[in-house]
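Undergrad: Below is one structure. I have some questions about it.
The values are calculated or read from the model by the stated rules, or taken from the named source; none is laboratory data. As the structure is a computational prediction, the values presented were derived from the model and not from experiment. For neighbour counting, all protein chains shown are included, and Cβ atoms are generated from backbone atoms with ideal geometry for every residue, glycine included. We work out accessible area using only protein heavy atoms, side chains counted, and drop any ligands, DNA or RNA first. Shrake-Rupley method; radii C 1.70, N 1.55, O 1.52, S 1.80 Å.
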Amino acid sequence: MNTHVPKVSHSADTLQQLATDILAYARKQGATACATEVSEGFGQTVTVRQGEVETIEYNRDKGVSVSVYLGQRRGNASTSDFSMQAVHDTVDAALNIARYTAEDDCAGLPDADQLATEFPDLDLYHPWSLEVEQAIALARECEYAAMRSDKRIRNSEGATVNVHEGMFIQANSLGFIGGYPSSRHSISCSVIAGKDDAMERDYWYSVARDAREILRVEEIGRIAAERTVRRLNARKLDTMQVPVLFEAPVAASLLGHFVGAVSGGSLYRKSSFLLDHLDKQVFASHIDLSDVPDIPRGLASGPFDEEGVRVRNRRIIDSGVLRGYFLGSYSARKLGLQTTGNAGGNHNLILGSSRQQDFSGLLKSMGRGLLVTELLGHGVNNVTGDYSRGAAGFWVEHGEIQYPVHEITIAGNLKDMFRDIAAIGNDVVVQGSRQCGSILIEKMTVAGR
């Protein structure tokens, strides 16, 4: 277990005592139930542009959030002041809100038997003792690696080194109390190639709990430069229907739309294109999707959700069939179901397939079509599943990239897109909670000139 202390002012014991005091005071003031989260965090961000320091930012955040219940009336209030008077005032404010709130038969804490009682160490805390001068040097090195890699790189939007760590404690009046320190660090670089009206930009970044797992700065800069240069001399396309290959970093957004459609809020409000699809085929039959909360050092790992409910590995999609939702206690009650331990969203979402190929194999499978490397705009209707977004990428012929394309729109319906997944790649890039390789869809409309 990691024994380092975060760069914060309060120890875990202090935060735990504060949470315990909040619950006791709420009970004394007449609350029938109470939940609280007490947290503190530290961040340092350094950005270098064209070799010069552009910004140095520090932030120290702390906060108390309190939810109280008077029967089935709920009130919530928060403060960033840890003084006892401020904390008591916050609890009083939450109680006043609850008194004037309508009763809701689904409101309340999770059922006691759903709460986590075991807290495995998932290795989520790796402090990065990085002095500002060291961060500046890393950012300069990253940007320099991008600028020197190709003479067509003419300008830079900068390289950024970000360090973050913090600690939180959650507790409720059913006896749950838990929390842990965590860290998340990243390095990014964005550069510009070309000149006048023929300029293009692109970027790359690497993120990890442990800074030792971040890509080397030279590699981040090189990838950013390569991605930028390859976009030069982009052309437009005619309107057509062709296969579309979503490159891994943008393919993860498709999983985001799926998660939104099968999350509690969308379901009980009946604002989902996958309403009433449980145990039905929603993806191609070769697709599996798992929610995995216990990956060591995982970016979305944790032993419990935002309500203190224990989490578990779940197969959400099994051979294309929807087997589960993403629910917290409130949305579960609205639907007449049980919480899935997903208050706050999905954990590490892992896409799998029996039709997995490397990237070059996906291009060959596609033959002729569009490789999408950037998505623009937000043209997704969560109720109907209609999908229309601006895009940029590359035209592919005979299984090989031919030239870059831009100023196009790709359109379809997410229901059809999920069922029409022909294959996925093994080129997984872990940059968030949704982990997948590139995704090849059999047919979409590409609108151009």
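Undergrad: What are the ³J(HN,Hα) couplings of the range 284-289, residue after residue, when phi is run through the Karplus curve with 6.51, -1.76, 1.60 and θ = phi - 60°? Round to Hz, x for glycine and proline.
TA: Ordered by residue, 3J(HN,Hα) equals 4, 5, 8, 9, 10, 9 Hz.
Undergrad: Assuming 0.890 mPa s and 25 °C, estimate D for the range 126-281 with Stokes-Einstein, Rh taken as the Kirkwood radius over Cα pairs, in µm²/s. All intermediate terms of the calculation are to be shown ahead of the outcome.
TA: Values: Rh = 19.4 Å.
Once the numbers are plugged in, D ends up at 126 µm²/s.
Undergrad: About the Cα centre of the chain, how large is the charge dipole given +1 on each Lys and Arg Cβ and -1 on each Asp and Glu Cβ? Please answer in debye to the nearest 20.
TA: Dipole size: approximately 980 debye.
Undergrad: Here's another thing I want to ask about it. Give me the accessible area of Val311, 1.4 Å probe, in Å² rounded to the nearest 10.
TA: 30
Undergrad: Students often forget the sequence filter, so: which aspartates and glutamates lie under 17 Å Cα-Cα from Lys28 once same-chain residues fewer than 8 apart are removed?
TA: Hits, sequence-local ones excluded: Asp89, Asp92.
Undergrad: Taking the Cα centre of the chain as the origin and placing charges on Cβ (Lys, Arg +1; Asp, Glu -1), which of Ala392, Ala77, Gln338 is farthest toward the positive end of the dipole?
TA: Farthest towards the positive end: Ala392.
Undergrad: From the square roots a ≥ b ≥ c of the eigenvalues of the alpha-carbon gyration tensor of the range 327-400, which class results: rounded (a/c under 1.5), prolate (a/b over b/c), or oblate? List each step's numbers first, then the result.
TA: Working: a/c = 3.46, a/b = 1.95, b/c = 1.77.
Prolate, since a/c reaches 1.5 and a/b exceeds b/c.
Undergrad: Find the Rg to Rh ratio for the range 195-240, where Rh is the Kirkwood radius over alpha-carbon pairs and Rg uses the same atoms.
TA: Reported Rg/Rh, Kirkwood definition of Rh: 1.18.
Undergrad: Among Ala208, Val242, Leu254, whose Cα sits farthest toward the positive end of the charge dipole of the range 205-260 (+1 at Cβ of Lys/Arg, -1 at Cβ of Asp/Glu, about the Cα centre)?
TA: In the range 205-260, that residue is Val242.
Undergrad: For Lys364, Lys195, give the ranking by accessible area with the largest first, probe 1.4 Å.
TA: Descending order: Lys364, Lys195.
Undergrad: Dipole magnitude of the range 320-449 about its Cα centre, charges +1 at Lys/Arg Cβ and -1 at Asp/Glu Cβ only, in debye to the nearest 20? Before the final figure, lay out each step's value.
TA: Working: 12 positive and 10 negative charges, 115 e Å.
Rounded to the nearest 20 debye, it is 560 debye.
Undergrad: While we're here: The chain: longest stretch without exposed GluC sites (Glu not before Pro) (DSSP loop, at most 13 other Cβ within 10 Å), sites themselves excluded?
TA: It runs 132-449.
Undergrad: Assuming a ≥ b ≥ c are the square roots of the Cα gyration tensor eigenvalues, decide whether the range 314-449 counts as rounded (a/c under 1.5), prolate (otherwise, with a/b larger than b/c) or oblate.
TA: Details: a/c = 2.36, a/b = 1.69, b/c = 1.39.
It is prolate, given that a/c is not under 1.5 and a/b is the larger ratio.
Undergrad: Per residue, how much accessible surface does the chain expose to a 1.4 Å probe? Answer in Å², no decimals.
TA: Value returned for the chain: 45 Å² of accessible area per residue.
Undergrad: For the range 39-104, what number results from the quotient of the Cα radius of gyration and 2.2 N^0.38 Å?
TA: Working: Rg = 18.9 Å, N = 66, 2.2 N^0.38 = 10.8 Å.
Normalised by 2.2 N^0.38 Å, the Cα Rg of the range 39-104 equals 1.75.
Undergrad: Heavy atoms only, probe 1.4 Å: what % of the accessible area of the chain goes to carbon and sulfur, would you let me know?
TA: Numbers: 9230 of 20220 Å².
In the chain, the share of accessible area belonging to carbon and sulfur is 46 percent.
Undergrad: Using helices alone, I'd like the mean residue ellipticity at 222 nm for the chain: each DSSP H run of four-plus residues gives -39500 (n - 2.57), total over residue count, nearest 500.
TA: Result for the chain: -7000 deg cm²/dmol, rounded to the nearest 500.
Undergrad: OK, next. Set the Förster distance to 25 Å, then compute FRET efficiency between Asp121 and Asp61 from the Cβ-Cβ distance, nearest 0.05.
TA: My answer for the efficiency is 0.55.
Undergrad: Another question about this same structure. Checking the cross-link filter: which lysines have an alpha carbon closer than 28 Å to that of Lys236, excluding same-chain neighbours under 8 positions apart?
TA: Lys236 reaches Lys151, Lys195, Lys364, Lys415, Lys443.
Undergrad: To the nearest 20 debye, what charge dipole does the range 226-345 have about its Cα centre, counting +1 at the Cβ of each Lys and Arg and -1 at the Cβ of each Asp and Glu?
TA: 260
Undergrad: On to the next question. Find the relative contact order for the chain and round it to a whole percent, using C-alpha pairs within less than 8 Å whose residues are 6+ positions apart.
TA: 14
Undergrad: Residue by residue, what Karplus-based ³J(HN,Hα) values in Hz, rounded to whole numbers, does the range 222-237 have, using 6.51, -1.76 and 1.60 with θ = phi - 60° and x for Gly and Pro?
TA: Using θ = phi - 60°, the values come out as 4, 5, 4, 5, 4, 5, 6, 4, 5, 8, 5, 6, 5, 10, 9, 10 Hz.
Undergrad: Enumerate the calculated ³J(HN,Hα) couplings along the range 112-118 in order (Karplus 6.51 cos²θ - 1.76 cosθ + 1.60, θ = phi - 60°), each rounded to whole Hz, writing x wherever the residue is Gly or Pro.
TA: Going residue by residue, I get 4, 6, 8, 6, 5, 10, 10 Hz, with x marking Gly and Pro.
Undergrad: Quote the FRET efficiency, to the nearest 0.05, computed for Leu337 versus Ser360 with a Förster distance R0 of 35 Å and r equal to the Cβ-Cβ distance.
TA: Using R0 = 35 Å, I get an efficiency of 0.20.
Undergrad: Sticking with this one: Tell me, what is the percent relative contact order of the range 153-265, built from C-alpha pairs under 8 Å that lie six or more residues apart?
TA: Details: 158 pairs, mean separation 23.9, N = 113.
Worked out over the range 153-265, it gives 21 percent.
Undergrad: Here is a follow-up. Would you kindly compute the Cα radius of gyration of the range 246-370 and its largest Cα-Cα separation (Dmax), both in Å?
TA: When restricted to the Cα atoms of the range 246-370, Rg and Dmax are 15.7, 49 Å.
Undergrad: While we're looking at this one, here's another question. Can you list, bin by bin at 20 Å, the percent of alpha carbon pairs in the chain, starting at 0?
TA: Percent of Cα pairs in each bin: 22, 50, 27, 1.
Undergrad: I've got another one for you. With every protein chain left in place, what is the accessible area of Leu278 in Å² (1.4 Å probe, nearest 10)?
TA: Roll a 1.4 Å probe over it and Leu278 shows about 70 Å².
Undergrad: A further question follows. Put +1 on the Cβ of every Lys and Arg and -1 on every Asp and Glu Cβ in the range 235-318; which of Pro293, Gly308, Ser271 then has its Cα farthest towards the positive end of the dipole?
TA: The one lying farthest along the dipole's positive direction is Ser271.
Undergrad: Tell me the Kirkwood radius of the range 92-179: reciprocal of the mean inverse pair distance over distinct alpha-carbon atoms, in Å.
TA: 19.0
Undergrad: Can I ask one more? Taking H as built 1.01 Å from N, whose amide H comes closer than 5 Å to the amide H of Val191, not counting residues under 5 places away?
TA: Glu157, Asp202
Undergrad: Among the trypsin sites (Lys or Arg not before Pro) in the range 116-179, which ones are in a DSSP loop with at most 16 other Cβ atoms within 10 Å of the Cβ? Mind listing them?
TA: Answer in residue order: Lys151, Arg152.
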